[in-house]
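What follows draws every value from the coordinates through simple rules; no lab data is involved. The structure presented is a predicted model; accordingly, all values stated were derived computationally and were not measured. Using ideal geometry, Cβ is built from the backbone for each residue, glycine included, and neighbour counts are taken over all protein chains shown.
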Amino acid sequence: MIRPSRSLFKYRWIAIAAAVAPVVSSSAIAGDGAGGLGGIAEREIARRMARAADAAMSIERGDKAYAEGDYEAALSEYTAAKNALPNAPLVQAQADMAKAKFADCSVALARERAKNGRYKEAHQLLDAALEDVPGHKGALKFQKELDDPDRWPRGLTPEHVANVQEVQRLLELANSQVDLGLYDAAAETFRDALRKDPYSVAARRGMEVAEEKRRVYFESARDHTRAKMLNDVNKAWEDQVPVSAFVSVQEVSTTRSASAEISAKMDRIIFPLVQFTGASVEEAIEFLRLKSRDLDLQESDPAKKGVNIIFKAGDTPSTAQISLDLKDVPMKEALRYITELAGMKYKVEAYAVLVVPISETNTEMVQRIYRVPPDFLTQGVPADAAPAAAAPADPFATGGA
């Protein structure tokens with residue numbers, strides 16, 4: 001059906017209103033002579049003109065909604081226009097046009113309803129279209145199609161359509177997650193789609209793609225782990241270079257100087273008062289260690305203040321009770337008194353003082369390096385000295401038969 005343009009349709013409604021006005025005005029003039037009905041006639045003219053204008057605006061809005069695909073809104077506007085037009089010969093053509101637009105829109109909306117499985121509503125819309133426009137070709141054709149189960153399956157329901165739309169949304173989301181590398185999340189989304197549609201081939205294919213991506217990653221991870229483990233095996237065959245058993249003079253002197261510095265510090269730190277009554281060895285040593293930090297006045301570095309003391313109780317810890325009363329005593333002497341009372345001893349190391357049981361043996365090896373001439377072994381023997389007698393070949397040779 002060819003639809004007139006909006007401007008032409010608007011001008012036609014204005015012409016109709018102008019044509020209605022003289023007829024009603026003449027009736028009003030005759031009515032004035034008969035009984036004063038002029039006011040009623042004028043109000044009727046205004047009402048009909050307003051309804052005609054409203055119908056024109058409704059059809060204009062309906063055409064706009066129809067063009068945008070909003071058939072439900074367009075049908076509402078066409079219905080309003082159809083009901084607004086009076087049943088008069090002067091507007092019959094326009095009323096027929098409004099009905100035709102209503103019928104066309106009803107068919108379009110019926111197709112949407114059928115796509116969503118709402119067959120009952122689709123049949124109602126087609127019946128309304130045929131009621132206003134009997135023999136409407138589009139309505140009759142689609143009504144016949146709806147009766148064909150091959151084109152419109154009877155199992156199609158609104159719930160099924162909603163599930164299809166949800167599955168489509170989930171598939172789009174899952175494919176996007178695969179593109180972003182979110183393979184675990186994509187697999188879970190594909191499973192959500194399968195919960196809605198257990199026989200979704202697209203979901204299964206998508207899971208296959210996600211697993212293929214995971215396979216590529218795990219193969220690279222396997223290659224990395226294999227290379228690392230092979231390197232660990234190869235490393236086990238490495239011949240480690242042994243540490244030199246000789247200590248250089250510089251290293252020995254450095255160690256000695258460090259221990260000598262600690263020993264000098266212990267002589268330098270003077271305790272104004274050392275007083276214990278029945279204290280344990282650990283308590284007495286801890287007192288010396290903490291107090292040495294406060295009394296180490298010559299050390300400027302806070303981290304190096306005091307003397308580190310390490311207590312090793314051994315297999316049989318000492319249970320001796322320490323009782324002392326000393327004044328103005330060096331730290332070394334105070335530590336000596338404590339260790340003697342506890343039956344222990346102390347050793348000054350490079351970085352700390354060790355307090356150990358007196359039974360512990362010293363396993364420290366001290367090396368000395370001396371420069372000697374190449375013939376020092378022979379220099380000690382005089383040149384005219386008689387050689388020592390050789391041992392007899394047979395120990396029973398003398399005193400025999």
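Sites listed here are chymotrypsin sites (Phe, Trp or Tyr not before Pro) in the stretch 74-141 whose DSSP assignment is loop and whose Cβ has at most 14 other Cβ atoms within 10 Å, and the list is empty.
Straight-distance candidates among the lysines for linking to LYS327, with alpha-carbon spacing under 20 Å and chain neighbours fewer than 8 residues away dropped: LYS265, LYS291.
Going from the fewest other Cβ atoms within 10 Å to the most, the residues HIS224, HIS136, HIS123, HIS160 appear in the order HIS224, HIS160, HIS123, HIS136.
Legend: distances between Cα atoms for LYS64/LYS141; LYS144/LYS196; LYS235/LYS312; pairs beyond 30 Å are LYS144/LYS196; LYS235/LYS312.
Panel values: the stretch 121-254, Kirkwood radius from alpha carbon pairs, Stokes-Einstein at 25 °C and 0.890 mPa s, translational diffusion coefficient 113 µm²/s. Here the convex hull built on the C-alpha positions of the stretch 159-222 has a volume of 65 cubic angstrom per residue.
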